[in-house]
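Step one of this worksheet: look at the structure below.
All of the numbers you see were taken from the coordinates with simple rules; none came from a lab. The structure presented is a predicted model; accordingly, all values stated were derived computationally and were not measured. Cβ: placed from backbone, ideal geometry, glycine included. Neighbour counts: every protein chain shown.
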Amino acid sequence: MRGTLHRASDSSGDFLVLTHGAGGDANAALLVALAQTFASAGISVLRCDLPFRQRRPQGPPSPANAKEDQEGLRRAVTLMKDQLPGRAFLAGSSYGGRQASLLLAMHPQLIEGLVLLSNPLHPPGKPAQLRTAHFSELRTPSLFVSGTKDVFGTIEELEAAIKLISARTELVQIDGASHGLSKKGGAEGVASFVG
């Protein structure tokens, strides 16, 4: 596992494994800002690269290797559980969040909560190609954070899809933000929901 640990100085032992989307890595500005905010709120954060990004510094992931990315997330959570005694959370931006949700559909007891940043509900301009078949298998409380201008799924589409999940869910909208929650103040808007 390759990543950066943000250890909370005043911690209950709770932790978050946080990962990136298809076009980025663990050093994305949003992830760094979130990790620092969580750590200052008492939750340690492992900000990590998925296996596909560890293999090559640029380029998109291959669908054929998605299971390896899911396994990388499982290993990261297990590693953190060996270090910290508190509750475990998993968060990912776009592709990283999708892989986290697929992992948890198969292993619901792995963590206590899931945070999906800019969940890629469908490819841009292809709303009929929903990526929600696994949602009915999710049993983990999930927080969705999405921009109102995200081309990978509208707020209305996301609200409908979330109804497929039997666990407790919440949707937080970032007004004016696109996919990746990019806009002035986007990271701060997401981080305000940490507490």
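Please compute the modelled spin-label separation between A29 and R55, points set 7 Å along Cα→Cβ, answer in nm with one decimal.
3.0
For segment 1-16 and segment 23-53, what is the separation of their C-alpha centers, rounded to whole Å?
For segment 1-16 versus segment 23-53, the Cα centre distance is 10 Å.
Gain in length, E68 to E170, computed as 0.36 nm per residue apart minus the alpha-carbon separation, to one decimal in nm?
33.9 nm
Work out, step by step, the length gained on full extension between L79 and E112: first 0.36 nm times the residue separation, then minus their alpha carbon distance; give nm to one decimal.
Extra length from L79 to E112 when fully extended: 10.3 nm.
Per residue of segment 19-33, in order, report the coupling 6.51 cos²θ - 1.76 cosθ + 1.60 (Karplus, θ = phi - 60°) as ³J(HN,Hα) in whole Hz, putting x for Gly and Pro.
9, 9, x, 5, x, x, 8, 5, 8, 4, 4, 4, 5, 4, 4
Of H6, H107, H122, how do they rank once you tally other Cβ atoms within 10 Å and put the fewest first? Show your work: numbers first, answer last.
Values: H6 21, H107 15, H122 18.
Fewest-to-most ranking of H6, H107, H122: H107, H122, H6.
On each of the three principal axes of the Cα atoms of the chain, give max minus min coordinate, whole Å, ordered largest first.
Extents along the principal axes: 44, 35, 35 Å.
Would you mind calculating the relative contact order of segment 2-191 from Cα pairs under 8 angstrom and at least 6 residues apart, reporting the percent as a whole number?
So the answer I get is 19 percent.
Out of residues 5 or more away from R2 or on other chains, whose amide H comes under 5 Å of its own, with H placed 1.01 Å from N in the peptide plane?
Here D49 satisfy the definition.
Can you sort R55, R131 so the residue with the fewest Cβ neighbours within 10 Å comes first?
Fewest-to-most Cβ neighbours within 10 Å comes out as R55, R131.
Order by neighbour count: R56, R2, fewest other Cβ atoms within 10 Å first, most last.
Listing R56, R2 from fewest to most nearby Cβ atoms yields R56, R2.
If the label point is 7 Å along Cα→Cβ of A160, which residues in segment 90-121 have backbone nitrogen under 14 Å from it?
121
Where does the chain land at 222 nm, in deg cm²/dmol rounded to the nearest 500, when only DSSP H runs of n ≥ 4 count, each adding -39500 (n - 2.57), divided by all residues? List each step's numbers first, then the result.
Details: 6 runs with 61 residues, N = 195.
Value at 222 nm, helices only: -9000 deg cm²/dmol.
Grab the other residues whose beta carbon is less than 14 angstrom from that of L102, score K and R as +1, D and E as -1, and report the net.
Working: positive: K67, R74, R98, R131, R139; negative: E68, D69, E71, E137.
Net charge around L102: +1.
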